[in-house]
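Structure first, then comments.
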Amino acid sequence: MASQELARKLQSRLAATQEGEPRPEPEQSPVRPKPQEPEAACGDSSSELSAKLTRRLDINEGSTAPRPTRVFNPYTEFKEFSRKQIKDMEAMFKRYDTGKDGFIDLMELKLMMEKLGAPQTHLGLKNMIKEVDEDFDGKLSFREFLLIFRRAAAGELQEESGLMTLARLSEINVSTEGVMGAKDFFEAKVQALSVGSKFEAEIREEKEERKRQEVEKKQRQAAFKQLQSTFCS
Ligand SMILES: [Ca+2]
């Protein structure tokens, strides 16, 4: 309800700025950037606009996932984790996604918790899913699975909760290698900001490694060609 009210306010502000702001003359700025959501601005249904603004607001606040049409990149979206950690989380996700449909459903979560040595009740499992089930489909996508670790690392989970148990019993140690040597599991959130540069360094390293391999390959090819020409001449 609060966000709806906020959306309404944003909506009226949007209308006000559109009327109030003098538009630059075309000759002054020949390349005028296109308005970001023209269909929203021109739409005559105010409830539609309100819904869009509400959604935009939720995305900004982090309570709603961006549209699934946008490709989900765990490395850029979960910058508080190292690439190795995300790969470990992915491996774990795939290991327990026995149906191989890209989701961990209730039965798969049940098996996971049993394997981890912390079996949960049916209701407990449902509540675990509900806590991170952003799209309300009753199962965990990989993104929602990563949210478990994000919330655990940020200290947002109850100590005794099923999700915290899952995070703790997984082999992924978010506390030590997690966040640039954060001493405390719960310092993660504070340090998340500085991790962006670590991520970039990792990317750079991978790129350089690829470049090195590329150079070596070319050298091998050149050597081979030389050898070939010696034989043919
Ligand atoms: Ca889901």
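The values are calculated or read from the model by the stated rules, or taken from the named source; none is laboratory data. Source: prediction; values computed, not measured. Because the Cβ atoms are built from the backbone with ideal geometry, glycine has one as well, and the counts that use them run over all protein chains shown. Accessible surface is based on the protein model in full, side chains and every heavy atom, while ligands, DNA and RNA are left aside. Shrake-Rupley method; radii C 1.70, N 1.55, O 1.52, S 1.80 Å.
Quick one: count up the residues across the stretch 76-105 that are open to solvent by less than 40 Å² (accessible area, probe 1.4 Å) and out of contact with any strand residue (DSSP E or B) (no Cβ under 9 Å at 6 or more places or on another chain).
10
Among the numbered criteria (1) touching a residue at least 24 places away in the same chain (Cβ under 8 Å); (2) open to solvent by 20 Å² or more (accessible area, probe 1.4 Å); (3) part of a loop (DSSP other than H, G, I, E, B), which one does Glu160 miss?
(1)
When you check Thr98 against the structure, is it among the polar types (S, T, N, Q) and part of a helix (DSSP H, G or I), yes or no?
So Thr98 does not fit the description; no.
Pull up the stretch 119-143, narrow it to residues that are touching a Gly at 6+ places or on another chain (Cβ under 9 Å) and within 20 Å of Glu171 (Cβ to Cβ), then point me to the one that is nearest to the ligand (Cβ to nearest atom).
The residue in question is Phe142.
Taking the stated definitions as given, is Leu146 under 17 Å from the mean Cα position of the chain (by Cα), buried (at least 16 other Cβ atoms within 10 Å of the Cβ), assigned by TED's automatic domain parsing to the domain that holds Met164 and near the ligand (Cβ under 10 Å from one of its atoms)?
No: the conditions fail for Leu146.
Of all the residues that make up the stretch 163-176, how many are part of a helix (DSSP H, G or I), under 24 Å from Lys100 (Cβ atoms) and either more than 16 Å from the ligand (Cβ to nearest atom) or open to solvent by 30 Å² or more (accessible area, probe 1.4 Å) (or both)?
Looking only at that region, the number is 2.
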